[in-house]
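Here is the structure we will look at, set down as structure tokens.
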Amino acid sequence: MNNFYIFIFFLLAIPSMSWAQNDTLYLNNGDMIVGDLKGMDRGVLTIEPSYSDSDFKITWEDIKEMKAVQRYLITLSDGQRINGTFNSAGEGKIFLDNEDGEDLTVDQDEIVNIKSIDNSFLSRLSANIDFGLSLTKANNQRQLNGNVRMGYLEDRWSADLYYNTLITTQDNVSDIQRNDAGIGFRYFLPRDWNLGVDLDFLSNTEQSLDLRTTGKVGLGKFLQRTNSLYWNVTGGFAFTGETYAPVFDPEDGTTITAPNRKSLEGFIGTEFNMYDIGDLNLLTTLVLYPTIISDDSVEPGRVRTDFRFDAKYDDFIIDDLYIRAGFTLNYDNRPVEAGKEVDYIFTTGFGWSW
């Protein structure tokens, strides 16, 4: 009877054992790790060992050999995007088994991103959220800031959305608010080119801006993309519509509301990201919007500028928890009468990424 139960156990266990395929890493220090390789981004590979529920993070250059058995979306430094699996093919070489075309062998440092891909929605989704709060006894000042970002990645395109908010309240002073949000779409072209479509929204009290809506269509290219940094430039056209909030003038007791604005603008932008600095990630973006055609409410020679700098420290205390400090500046050399040329904010917060 006991032999019968043992026989049944092996019948049930053998199929699961045969399907329990694992990825294998051999490190430069001689260690071997077997587990579930989740991906590699910004020079750091993440794997969940078979003997632990916690993820291990390993610098890409510290890996001597590897064997992957799952399906991945692999991005090379020249912009190629390959679906398949990969294995070491000699010192510093990786063989890519391309399920969509010709197989190839590349240098290990040519691989800049690896993402585990299956048919589920969640495997292609990423997100991060952070909040910051400051309280000051003087004048009962309170400031709350929040940042939410989500992304979705397909084999040949990606989509992302974001929302940032800042609210400041203080006794005997009008509330200060700033909100910006947007959604973007990227289609990946050969040789690291990409086609982008974006819809952005901004409101802030400093510039009396009730709502600015900007729709953009442009072409971008990664000038450089490695395991330590990337540099992307974009250019195209933007259609902008603006409405303004009424502003009270205490000198004469009147309320001023600027007329709505509509304009066709060009834009040129750059995004530079450095991430091979331990757990520190530095991101800088700059976009210039020169006006091409506008209605009578916009003075000739108008140029707008959006600037952003973020410093993010990952894996603070525990995995996926981070600290972020950010600086954002909006400049308009032709503001409305009740608005200001410059609006800027500095925020800090704790967050979680997935």
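For Ile74, the conditions (1) among the β-branched types (Val, Ile, Thr); (2) within 17 Å of Val44 (Cβ to Cβ); (3) in contact with a Ser or Thr (Cβ under 7 Å, 6 or more places away or on another chain) all hold with the exception of (3).
Within the stretch 278-294, can one find any residue that is in contact with a Leu (Cβ under 8 Å, 6 or more places away or on another chain) and polar (S, T, N, Q)? Taking every residue of the stretch 278-294 in turn, at least one turns out to be in contact with a Leu (Cβ under 8 Å, 6 or more places away or on another chain) and polar (S, T, N, Q). Scanning the stretch 114-139 for residues that are polar (S, T, N, Q) and either at pLDDT 80 or above or not in a helix (DSSP H, G or I) (or both) returns Ser116, Asn119, Ser120, Ser126, Asn128, Ser134, Thr136. Taking the stretch 222-335 and the strands (runs of 3 or more DSSP E) fully enclosed by it, the elements with 3 or more residues that are crowded, with 16+ Cβ neighbours inside 10 Å are at 229-244, 261-277, 280-294, 303-313, 321-332. When we screen Asp100, Asp78, Asp107 for residues that are more than 23 Å from Asp320 (Cα to Cα) and modelled with pLDDT under 85, the only hit is Asp100. The set of residues in the stretch 288-310 being in contact with a strand residue (DSSP E or B) (Cβ under 9 Å, 6 or more places away or on another chain) and without any contact (Cβ under 8 Å) to a residue 24 or more places away in the chain consists of Leu288, Pro300.
Summed over the stretch 162-173, the residues that are loosely packed, with under 15 Cβ neighbours inside 10 Å and of a type outside the set (S, T, N, Q) give a count of 3. When the stretch 174-194 is filtered for residues that are surrounded by fewer than 14 Cβ atoms within 10 Å (Cβ to Cβ) and in contact (Cβ under 8 Å) with a residue 40 or more places away in the chain, the ones remaining, listed by number, are Pro190, Arg191, Trp193.
Of all residues in the stretch 37-65, how many are assigned to a strand (DSSP E or B) and either without any contact (Cβ under 8 Å) to a residue 24 or more places away in the chain or over 27 Å from the mean Cα position of the chain (by Cα) (or both)? Qualifying residue count for the region: 8. When the residues of the stretch 148-181 are filtered to those that are in contact with a Phe, Trp or Tyr (Cβ under 6 Å, 6 or more places away or on another chain) and assigned to a strand (DSSP E or B), the one that is modelled with the lowest pLDDT is Trp157.
The values are calculated or read from the model by the stated rules, or taken from the named source; none is laboratory data. This structure is a prediction, so every number in the text was calculated from the model and none was measured. Positions of Cβ are generated from backbone atoms using ideal geometry, with glycine treated the same way; all protein chains shown enter the neighbour counts.
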